[in-house]
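J.: Please find one structure pasted underneath; my questions will follow.
Each reported figure results from applying straightforward, stated rules to the coordinates on display, with no laboratory input. Since we're looking at a predicted model, the values are computed, not measured. Glycine also receives a Cβ, built like all others from the backbone with ideal geometry; neighbour counts cover every protein chain displayed.
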Amino acid sequence: MHELPERVLKIGEDIKSMRIRGAGRIARAAAEALAIAAEEFRGKNPDEFVRYLSSIGRYLTATRPTAVSLPNAVSYVLSRVHNALRSGASLEELQHITISTSKQFIEYSLAAVERIGKIGARRIENGDTVLTHCNSSAAISIIAHAYKQGKTMRVFATETRPKFQGYITARQLAKEGIDVTLIPDSAVRLVMKRVDKVVVGADAVTANGAVINKVGTSQIALAAKEARVRVFVAAETYKFSPVTVLGELVVIEERDPSEVLNLEILRQYTLLKIRNPAFDVTPPSYIDAIVTELGVIPPQAAIMILKDFFGWAIQEYESRGFEESEPSA
Ligand code: RUB
């Protein structure tokens with residue numbers, strides 16, 4: 001068995017510890033790790049290469065369980081490598097296919113985020129106040145494109161406890177010259193009366209159009225619905241989850257309690273329990289539209305994207321059978 005290359009292990013560690021974070025970035029990092037693995041393979045045999053690459057795919061996929069962009073990026077590359085192996089490709093050809101499809105995925109992903117920005121910006125009107133949560137490149141792309149089109153706008157960015165990704169968002173938007181106000185997560189309902197649109201990203205979109213995004217998103221959607229504020233989700237098509245077509249649930253990542261409360265303090269309260277779910281589920285009835293790189297769809301049309309783009313993946317999962325599911329949403 002081949003060892004995992006250092007650079008691949010480093011990418012995996014960076015994803016786990018969230019030095020690389022955000023569903024799109026995670027997916028691109030995984031594709032890059034597969035390309036590195038192909039470059040660094042020193043074996044001689046095509047079957048051995050595919051087994052090695054598959055084990056790296058499993059390692060990468062396990063680093064963060066919720067962002068479906070991660071297994072989708074890995075399948076994008078691996079499905080092509082498996083097909084090539086079945087057609088009798090040589091080791092050099094398989095390595096080349098891995099590197100070129102990884103590159104293709106990364107280019108597609110970057111172009112999709114840009115395109116979502118252009119398409120989504122049409123939904124932002126001059127003078128709008130937008131609220132966003134966490135730090136989503138796709139959501140920021142919409143806000144930044146609208147601003148570049150000359151629309152004046154205000155943005156509320158939530159802090160996003162416990163990891164404070166909202167600070168990154170606030171910094172990025174301020175750098176663009178956008179009028180941005182950082183608020184504690186608990187201030188969302190108070191400011192909602194001044195908000196025209198909510199724009200957030202996604203880690204996963206299920207077959208019924210539910211959106212899994214940073215914990216707190218569903219509360220924001222609830223407050224928005226109450227205030228009759230429209231909610232837009234920015235999501236590339238590789239964030240749609242094929243296994244949900246077959247009834248699988250998306251696993252909600254639980255992170256370490258030390259992210260919520262300092263371990264020193266935690267030790268003083270022996271009976272205190274802490275939970276740290278990283279994501280939550282917003283039902284489709286709380287979402288007005290999902291902006292993808294292919295256009296704007298109602299959440300209920302998620303199934304069409306899945307059938308059109310992931311038909312092959314659904315068949316693959318079906319024929320492979322299911323592994324035991326973990327506790328999920
Ligand atoms: C990030 C998060 C983002 C989505 C979409 O969570 O929930 O909203 O991943 O991001 P975390 P993008 O910080 O835990 O990774 O649009 O950049 O893919």
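J.: Let me check against my output: what whole-number percent is the relative contact order of the chain, with C-alpha pairs under 8 Å and at least 6 apart?
T.: 16 percent
J.: Size of the dipole of the chain about the Cα centre, Lys and Arg at +1 and Asp and Glu at -1 on the beta carbon, nothing else charged, in debye to 20? Mind dumping the intermediate values first?
T.: Values: 41 positive and 38 negative charges, 220 e Å.
Rounded to the nearest 20 debye, it is 1060 debye.
J.: For a protection proxy built on the mean count of beta-carbon atoms within 10 angstrom, sort 246-254, 71-79, 261-269 highest first, please.
T.: Numbers: 246-254: 16.0, 71-79: 23.0, 261-269: 10.3.
The peptides rank, most packed first, as 71-79, 246-254, 261-269.
J.: Starting from the Cα-Cα distance between ALA187 and GLU3, subtract it from 0.36 nm times their residue separation and give me the gain in nm to one decimal. Write down the numbers at each step before the final one.
T.: Working: separation 184, 0.36 × 184 = 66.24 nm, distance 4.87 nm.
The span from ALA187 to GLU3 would gain 61.4 nm if fully extended.
J.: Of the listed pairs LYS163/LYS273; LYS193/LYS225; LYS16/LYS175; LYS10/LYS103; LYS103/LYS197; LYS148/LYS175, which have alpha-carbon separations greater than 23 Å here?
T.: On the way: LYS163/LYS273 19 Å; LYS193/LYS225 11 Å; LYS16/LYS175 28 Å; LYS10/LYS103 19 Å; LYS103/LYS197 35 Å; LYS148/LYS175 13 Å.
Listed pairs above 23 Å: LYS16/LYS175; LYS103/LYS197.
J.: Could you compute the FRET efficiency for GLN219 and GLU92, with r as their C-beta to C-beta distance and R0 at 41 Å, rounded to 0.05?
T.: Taking R0 as 41 Å, the efficiency between GLN219 and GLU92 is 0.20.
J.: With labels modelled as points extended 7 Å from the Cα through the Cβ direction, what inter-label distance (nm, one decimal) is found for ARG42 paired with ARG58?
T.: The two pseudo-label positions are separated by 2.3 nm.
J.: Given the rule -39500 (n - 2.57) for each run of at least 4 DSSP H residues, summed and divided by the residues of the chain, what is its mean residue ellipticity at 222 nm, to the nearest 500 deg cm²/dmol?
T.: -15500 deg cm²/dmol
J.: Let me check against my output: what whole-number percent is the relative contact order of the range 70-215, with C-alpha pairs under 8 Å and at least 6 apart?
T.: For the range 70-215, the relative contact order is 20 percent.
J.: Can I ask one more? Over the range 198-254, what is the relative contact order in percent, taking alpha-carbon pairs closer than 8 angstrom and at least six residues apart?
T.: RCO, the range 198-254: 46 percent.
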